[in-house]
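One structure is given here, and the rest of the page talks about it.
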Amino acid sequence: MKLQIAWEQLNKSVALAPIHNRKQYAKMVQLADLLTDVIGHTKKHPLIDLLEIIAELIRVYDAEHFAVPNASPRAVLTLLMKEHGLSQADLPEVGNQSVISMLLSGARNPNIRQIRALSKRFAVPATVFF
């Protein structure tokens, strides 16, 4: 009974469930964005597990509804920059030119904040950068 009450309370505030349509998808993406803002760069935040669960729900929906070839974050960023005619200096919301260079070379993978910025900039699902 306690478990059911806890689930009902969580579900009222978060509506945590598999995503079946674009409206639910948009709500989950909005929630993921909010959690990302709240968590920031904290690695041991109490809400990190919730963010991971929501990210997985989004990933499953993306995989079923947005066919994206399996590519590295580096390859995706390179392609998007080329398609949009952008240079490293054109992505200040992601980082300075040396950070962009490291992402393009594969020396480092984008972090959550950078993924969010890239997703917003190019209007693509965040999961293409994982």
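Please treat every number below as a calculation from the coordinates, not as lab data. Keep in mind that what you see is a predicted model, and the values were worked out from it rather than measured. As a convention, Cβ positions derive from the backbone with ideal geometry for all residues, glycine included, and neighbour counts pool all protein chains shown.
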According to the Kirkwood expression over distinct Cα-Cα pairs, how big is the hydrodynamic radius of region 71-130, in Å? 11.1
Please list, ordered by chain and number, the residues whose modelled amide H lies under 5 Å from the amide H of V94; skip anything fewer than 5 residues away on the same chain. none
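How would you classify region 2-65 from its alpha-carbon gyration tensor, with a ≥ b ≥ c the square roots of the eigenvalues: rounded for a/c under 1.5, else prolate if a/b is greater than b/c, otherwise oblate? Don't skip to the answer; put the middle values down first.
Working: a/c = 1.91, a/b = 1.07, b/c = 1.79.
Oblate, because a/c is 1.5 or more while a/b does not exceed b/c.
How would you rank 108-116, 33-41, 49-57, 9-17, highest first, on the average number of other Cβ atoms within 10 Å across their residues? Write out the running numbers ahead of the final one.
On the way: 108-116: 17.7, 33-41: 13.6, 49-57: 15.6, 9-17: 11.0.
Output ranking for 108-116, 33-41, 49-57, 9-17: 108-116, 49-57, 33-41, 9-17.
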Using the Karplus equation 6.51 cos²θ - 1.76 cosθ + 1.60 (θ = phi - 60°), what ³J(HN,Hα) coupling, rounded to whole Hz, does each residue of region 6-20 give in order, writing x for Gly and Pro? 4, 4, 4, 5, 5, 5, 5, 8, 10, 6, 7, 7, x, 8, 10
Can you compute the charge dipole magnitude of region 73-129 about its Cα centre, using +1 on each Lys and Arg Cβ and -1 on each Asp and Glu Cβ, nothing else charged? Give it in debye, rounded to the nearest 20. 160
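Return a whole-number percent for the relative contact order of region 73-129, with Cα pairs under 8 Å and 6 or more residues apart as the contact set.
Working: 43 pairs, mean separation 22.7, N = 57.
Answer for region 73-129 is 40 percent.
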Starting from the 7 Å offset along Cα-to-Cβ, what nm value, one decimal, do you get for the label separation of S13 and S98? 4.2
Across the Cα atoms of the chain, what radius of gyration and what greatest pairwise Cα-Cα distance (Dmax) are found, in Å? 16.5, 57
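Write out the chymotrypsin sites (Phe, Trp or Tyr not before Pro) in region 1-92 meeting two conditions: DSSP loop, and at most 13 other Cβ atoms within 10 Å of their Cβ. Spell out each step's value before the answer.
Details: sites: W7, Y25, Y61, F66; in loops: F66.
Hits after loop and neighbour filter: F66.
Sum -39500 (n - 2.57) across every DSSP H segment of at least 4 residues in the chain, then divide by the residue count to get the 222 nm mean residue ellipticity, nearest 500.
My calculation for the chain gives -20000 deg cm²/dmol from helical runs alone.
Quick check: residue separation of H84 and M1 times 0.36 nm, minus the Cα distance between them. What number comes out in nm? Mind showing how you got there, number by number?
On the way: separation 83, 0.36 × 83 = 29.88 nm, distance 5.41 nm.
Taking H84 through M1 to full extension adds about 24.5 nm, to one decimal.
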